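To keep things clear, I will list the structure first and then write my remarks on it.
The values are calculated or read from the model by the stated rules, or taken from the named source; none is laboratory data. Everything numeric here is computed off the predicted structure, so don't read it as measured data. We place every Cβ from the backbone using ideal geometry, glycine too, and count neighbours over all the protein chains shown.
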Amino acid sequence: MIGALIVLLAIEIVVDKIPAADTVNDVIQTFIRPAAGAILFAASTNAVNLHPAVAVILGLVLAFGVHAAKATARPVVTATTGGLGNAFVSVGEDIVATGVSLLAIIVPVVVGFLLAVVIVILAWRVLVRKRAAVA
């Protein structure tokens, strides 16, 4: 499965930079991307006590919204730049997607670390005040 996803990602990265091919790919992906988004969203929300049907619907709406925005904007980029802007827009999308994915991984770790630091500082202050009150 991971190998298939890597192949699909490679195809997406290459095809997305070719002016006419990206439009054809977006048409084909109109059904695949929302379904994949629904499945991924539902699979990732099992610990939140969210009903699976609600999770599927939310994932479907979110993924379709992102896909619709991309599929609507890319033909405009193709038409206004004669296809020359597609590669630049695609690379920009790749950079943003990578950055957001990294932030989704890094931010919870940083917040957890900061929370631990705050807890240690508060515990230290409480101990200092208790010692001062005893003395």
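Identify all residues within the stretch 1-33 that are acidic (Asp, Glu) and under 19 Å from the mean Cα position of the chain (by Cα); write none if there are none. Correct list: Glu12, Asp16, Asp26. Just one residue in the set Ile57, Ile121 is more than 14 Å from the chain's Cα centre (by Cα), closer than 27 Å to Leu5 by Cβ and modelled with pLDDT of 90 or more; that residue is Ile57. When Leu60 is tested against (1) in a helix (DSSP H, G or I); (2) within 24 Å of Ile95 (Cβ to Cβ), only condition (2) is not met.
With respect to (1) without any contact (Cβ under 8 Å) to a residue 24 or more places away in the chain; (2) out of contact with any Pro (no Cβ under 7 Å at 6 or more places or on another chain); (3) over 21 Å from Ala10 (Cα atoms), the lone exception for Ala38 is condition (1).
Residue-level check: of (1) outside any loop (DSSP other than H, G, I, E, B); (2) over 14 Å from the mean Cα position of the chain (by Cα); (3) modelled with pLDDT of 85 or more, Leu84 misses just (1). For Lys17, the conditions (1) part of a loop (DSSP other than H, G, I, E, B); (2) at pLDDT 85 or above; (3) farther than 20 Å from Ala97 by Cβ all hold with the exception of (3). Within the stretch 82-92, the set of residues being surrounded by 14 or more Cβ atoms within 10 Å (Cβ to Cβ) and hydrophobic (A, V, I, L, M, F, W, C) comprises Ala87, Val89. Scanning the stretch 1-29 for residues that are among the β-branched types (Val, Ile, Thr) and loosely packed, with under 14 Cβ neighbours inside 10 Å yields Ile2, Ile6, Val7, Ile11, Ile13, Val14, Val24, Val27, Ile28. None of Val110, Val128, Val96 is part of a helix (DSSP H, G or I) and more than 27 Å from Ser44 (Cα to Cα) except Val128. Given the condition assigned to a loop (DSSP other than H, G, I, E, B), closer than 23 Å to Leu5 by Cα and within 19 Å of the chain's Cα centre (by Cα), answer yes or no: does some residue in the stretch 71-79 qualify? The answer is no; no qualifying residue exists. Within the option set Ala68, Ala79, Ala97, Ala63, being free of Cβ contacts under 8 Å to residues at least 12 places away in the same chain, surrounded by 14 or more Cβ atoms within 10 Å (Cβ to Cβ) and at negative phi holds for one residue only, Ala68.
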